[in-house]
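Here is the structure we will look at.
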Amino acid sequence: MDWTAIAPGEDSGNRGTPVCRYHAPVMRRVGWVVLLVCAACAAPGPAGSAGDRLQELDASDPVIRLAAVRRLLVAREDHREELLAYLRRGTAPGRAWAVFLLGRRGTCEVLVPFLTDADAEVRFRAVEAIGRAGFVADLASRLADPHPVVAVVAAWGLLRRGKDLAAARVLVGALAPSSRSDVAREAHARLTSLFAERVDYDPSRGAAHRIAAQRGWLRVLSARGLALPEDSVGSDPEPPEARKLRDLLVAVRSRGSHDRGELQSLWTAAVTIPGHHVAVARARCDLLGFLLQRLLSEGLLHHRYAWALLRTDQLVAALGHFEKADRLLPREPGLLNDFGVALEAAGRLGAASRRFGSVTRLDPGSVDAWSNLGRVLLRREETDAAIEPLLRAEALDPQRWVRHRRLIGRALSIAE
C-alpha cells in the first residue's frame, strides 16, 4: 500500500500524518455528506422555524432576543405575516423589535397603524422606519407625541421629505436646557444626519454648551430656508434654585472665618440642591470652587467640582480636577465613570473606554458604565464589541430603552 504524507500547510490539524491514497475517494464522499448536512442545518427552515425565532423575541435574556433579531434580519424569507401576527399580540415584549424588522424589510405601509400604539418604543420604531423610507404617512400628528423622543424622530422624518417649520421647531426646541439629556442627544444626532453641517454638542458639557448648540442649529436651519426666531423655541427662566445657591455663597463670603461644620453644610447644599439649568450649574460651580479653596485634600470635592465645571462647559479645567480626584480616590467607580464622560467629551475615546471598562469590573451592576462603554465603542466603529455592553445595560435596566435599544438598533443597522 502506498502511503504519502500531507505536506506542511495543507492541513494544520494533521500535518505529517500518513494518509492512504486509496481512502481519498471515500473521504471525499464523507466530506460531501458532512457539507450537505451542515448546509441543511444552516438553510432557512419552514415557517415553524420563523415562529420559533419570533418566540425568542419574548425571551427575558436580551442576548437571546438580539440573536433572534439578527437571524431574522439576514433571513431570506420575508416573514411579514408572522411578524404582523406577532405584533397584534398587545403584550408581546419583543413587539418593538418586530417593527424594527418590518422597517428594515421596507414594508412601511403595514406600520402606519402602529404610529398610535400604546407602547412608546413601538411608536418610535414605526416613526423611524416610515421616516427613513420617506413613506407618506401622518407623521405630523406625532410631533405632539407624549414621548419626546418619538416627537423628535417624527420631526426628523418630516424634514427628510422637505422644509417643515413645525418639525424644525421641535428638533431645535429639544435642545433647550430644560430637555432631558437623552432627548437632546437624539435631536442633535438627527439634525446632524439631515444637514452636512457640524455643530459641536455633547450633553455632558452642560446647559451653556447646549444653548450654544441650539443657536448653532438655528443658524444652520436659517441658511437652509427654515428661519426660526430665537424665541420660537421657548425660553428657560432662571429657577429659584440658582438664587438659593448664590445666596448661600454671598452669605458665607461675608464672614471671615468658617468652621468645618459650616463648610460641610455648604457642601451638602451644593450637591443636593437640584436643577440642570445653566444658572443653577454656574451657581453650583461657584460655590464648589469656594469650598475647594478651603478643603483642598477632599477627593470627593474635586470630583464634584470637576463635574460642575464640565456642566458649565469648562472642559479643560474639568479634566484637571478629574485627574486630581483620581489620584485621591483611586478605583472609585462613580468617579471613573464621570471621568470617562469628560474624556469622551474631549474626544479621547480610547481613554474613555478604558475608564468605563474599569467601572464595569469594579461595579458590574452599573447601568451607566455599560451604556457609556457601548456608546463609546460604537463611536469608535467597534460595532460587534459595542453590542455586548449595551445588552448588559438593557438587562440591568430594560425601562431605559431610549438609551440602550436605540443604540443597539443603530449597531445592527451598521452591521447589516
Set of region 69-89 residues, backbone N closer than 18 Å to the point 7 Å along the Cα-Cβ line of residue 109: 78-85
FRET efficiency, 1/(1 + (r/R0)^6) with R0 60 Å, evaluated for residue 140 and residue 260 via beta carbons: 0.50
Residue (of 108, 203, 133) at the positive-pole extreme of region 78-233, dipole from beta-carbon charges: 203
Residue 327-residue 380 FRET efficiency (beta carbon distance; Förster radius 25 Å; 0.05 resolution): 0.40
Cleavage-rule hits, trypsin sites (Lys or Arg not before Pro), region 84-122, DSSP coil, Cβ neighbours within 10 Å at most 14: 88, 89
FRET efficiency, residue 200 to residue 413 (Cβ-Cβ, R0 25 Å, nearest 0.05): 0.50
Simple spin-label estimate for residue 58 and residue 73 in nanometres, 7 Å along Cα-Cβ: 2.4
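Read-outs throughout are calculated quantities, based only on the coordinates presented, and are distinct from any laboratory measurement. No experiment lies behind these values; they were computed from the predicted model shown. All Cβ positions, even for glycine, are placed from backbone atoms using ideal geometry, and neighbour counts span all protein chains on display.
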